[in-house]
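Asks: Starting off with a structure, shown below.
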Amino acid sequence: MPDNGAAIVTGGASGIGEATCHALAARGLDVAVADLDPEEAGRVVEAVTAATDADATAVEVDVSDEAAVEAAVDAATDAFGRLDVLVNNAAVASREADGPVTEVEDAGFDFVTGVNLRGPVYACKHAIPAMLETGDGTGVVVNNASVAALVAEPGMDVYTATKGALVSLTRSIAVEYAPEIRANTVCPGVVRTPMLESVLEETDDAGDEGGAGDANVNDADEADDEAGAGDATDVPDNLRRMIDDTPLGIGDPDAIADAVAFLATDRSRYVTGATIPVDGGFTAR
Ligand code: NAD
């Protein structure tokens with residue numbers, strides 16, 4: 001990886017993506033914060049440039065739209081003069097759009113697969129040629145999947161399927177484009193981010209009649225603080241079980257971002273095609 005390396009992070013305006021932008025910039029990479037939300041992306045750019053010596057730029061993109069992805073990759077490459085790292089992080093997890101497979105509707109299926117699977121495919125399609133273009137042979141793809149790709153996580157079956165597909169896609173890329181491109185997958189466990197909040201809020205709305213209470217991720221957090229991760233309350237059963245079953249408790253976005261940054265830089269130069277749980281031990285049980 002050259003000193004003037006550059007990265008594009010999809011979904012970089014929030015949660016794990018935002019933390020990833022900071023982690024990459026802290027390691028000397030210029031960063032394109034590519035997101036559906038240009039205002040939040042701009043906020044992250046300001047924060048990154050204030051905190052580091054790296055350059056950063058905001059790029060508005062809907063990753064499910066190929067033309068927009070191509071334009072975003074071009075914008076990032078133009079901004080920094082090269083592209084070395086693609087982090088496919090943008091995804092949607094929605095209990096409204098998704099569900100058990102017997103309840104899946106086309107609109108939800110298309111929405112979830114559009115962002116979570118077509119998005120990374122489009123980004124790889126356009127970013128890999130840009131990374132090969134450097135001539136350095138040190139391009140990197142890091143795909144952000146989920147423990148849902150590794151073990152059953154009932155309730156959002158299309159989400160789970162897209163994350164499994166991402167693991168397979170990553171392996172194919174690692175073999176097809178070696179040695180010039182490395183590709184690896186991280187599989188986060190339960191991480192305290194706005195995505196988790198939104199899943200909890202949807203569950204809360206649906207469960208109002210049933211008395212689910214005002215569940216939000218901080219309830220789990222407060223319960224953690226009071227009595228350890230195993231006592232999280234007021235969260236949906238499956239998430240409470242996940243937190244209960246995570247030896248290190250609920251994770252912070254920075255912890256995932258550090259793993260992504262490891263995979264994005266030369267420290268991991270002999271790692272490719274790997275699927276790495278960053279899950280506080282959830283899948284160790
Ligand atoms: P988040 O909701 O906090 O952030 C997602 C970002 O993606 C947002 O900024 C959003 O604007 C952007 N985005 C959404 N749709 C987009 C689109 N079509 N095009 C471009 N950008 C789009 O999410 P997060 O919790 O930080 O999750 C990041 C990644 O980590 C996702 O791939 C998610 O599946 C994975 N993950 C999260 C958890 C968790 O517990 N939070 C667990 C496992 C895996």
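Asks: For region 43-99, count the residues as N, evaluate 2.2 N^0.38 Å, and divide the Cα radius of gyration by that value, please.
Replies: 1.39
Asks: Then there is this: What do you get for the angle between helix 157-176 and the principal long axis of the chain? Use alpha-carbon atoms, 0 to 90 degrees, nearest ten.
Replies: It works out to around 30 degrees.
Asks: Between L29, L83, L150, which gets the highest mean-square fluctuation from a Gaussian network model of the chain, Cα cutoff 10 Å?
Replies: Result for the chain, Cα springs under 10 Å: L150 fluctuates most.
Asks: Near N238, within a Cβ-to-Cβ distance under 11 Å, what is the net charge of the other residues, with Lys and Arg +1 and Asp and Glu -1?
Replies: Every neighbour counted, the sum reads -1.
Asks: So which residue, out of A183, A68, A261, gets the largest mean-square fluctuation from a GNM of the chain using Cα contacts under 10 Å as springs?
Replies: Result: A68 has the largest fluctuation of those listed.
Asks: Helix 253-264 against the longest principal axis of the chain: what's the angle in degrees, Cα atoms only, rounded to the nearest 10?
Replies: It is inclined by approximately 30 degrees.
Asks: To the nearest 10 degrees, how steeply does helix 15-26 sit against the main Cα axis of the chain, on a 0 to 90 scale?
Replies: Its long axis makes an angle of about 30 degrees.
Asks: What are the GluC sites (Glu not before Pro) within region 83-112 that DSSP puts in a loop, where the Cβ has at most 16 other Cβ atoms within 10 Å?
Replies: Passing both the DSSP loop test and the Cβ count: E96, E105.
Asks: Right, next: Calculate one ³J(HN,Hα) per residue across region 86-95 by plugging θ = phi - 60° into the Karplus curve 6.51 cos²θ - 1.76 cosθ + 1.60, and present them in order as whole Hz with x for glycine and proline.
Replies: 10, 10, 7, 10, 4, 6, 10, 10, 9, 6
Asks: So, for the chain, what is the accessible surface per residue at a probe of 1.4 Å, expressed in square angstrom?
Replies: Heavy-atom accessible area per residue stands at 43 Å².
Asks: From the mean inverse distance of alpha carbon pairs (Kirkwood) and the Cα radius of gyration, derive Rg over Rh for the chain.
Replies: 0.97
Asks: Tell me, what % of the accessible area of the chain is carbon and sulfur with a 1.4 angstrom probe?
Replies: Numbers: 6080 of 12390 Å².
Answer for the chain: carbon and sulfur cover 49 percent of the accessible area.
Asks: Where Lys and Arg each count +1 and Asp and Glu each count -1, what net charge lies around A148 among other residues with Cβ under 13 Å from its Cβ?
Replies: -3
Asks: Let me ask another. In sequence order, what are the phi-derived ³J(HN,Hα) couplings for region 124-141 according to the Karplus relation 6.51 cos²θ - 1.76 cosθ + 1.60 with θ = phi - 60°, rounded to whole Hz, with x for glycine and proline?
Replies: Whole-Hz 3J(HN,Hα) from phi for region 124-141: 5, 4, 9, 7, 4, x, 5, 6, 5, 4, 5, x, 7, x, 10, x, 9, 10.
Asks: If r is the Cβ-Cβ distance from R269 to V104 and R0 is 41 Å, what FRET efficiency results, to the nearest 0.05?
Replies: About 0.50, to the nearest 0.05.
Asks: Can you check what the net charge comes to around E133, using other residues whose Cβ is under 13 Å from the Cβ of E133 (Lys, Arg +1; Asp, Glu -1)?
Replies: Net of charged neighbours comes to -4.
Asks: Taking the Cα atoms of region 77-162, report the difference between the largest and smallest coordinate on each principal axis, in whole Å and largest first.
Replies: 48, 26, 16
Asks: Could you tell me whether region 28-69 comes out rounded, prolate or oblate from its Cα gyration tensor? Rule is a ≥ b ≥ c as square roots of the eigenvalues, rounded for a/c under 1.5, then prolate if a/b exceeds b/c, otherwise oblate. Intermediate results must be reported in sequence, preceding the final value.
Replies: Values: a/c = 4.31, a/b = 1.96, b/c = 2.20.
Judged from the Cα gyration tensor, region 28-69 comes out oblate (a/c at least 1.5, b/c at or above a/b).
Asks: Let me ask something additional. May I ask you to compute the full-extension gain from D74 to E39, defined as 0.36 nm times their residue separation minus their alpha-carbon distance, rounded to one decimal in nm?
Replies: 10.6 nm
The values are calculated or read from the model by the stated rules, or taken from the named source; none is laboratory data. Please read all numbers here as calculations on a predicted model, not as lab measurements. Counting neighbours? That spans all protein chains shown, and the Cβs are built from the backbone with ideal geometry, glycine included. Areas reflect the complete protein model, heavy atoms only, side chains present, ligands, DNA and RNA absent. Shrake-Rupley method; radii C 1.70, N 1.55, O 1.52, S 1.80 Å.
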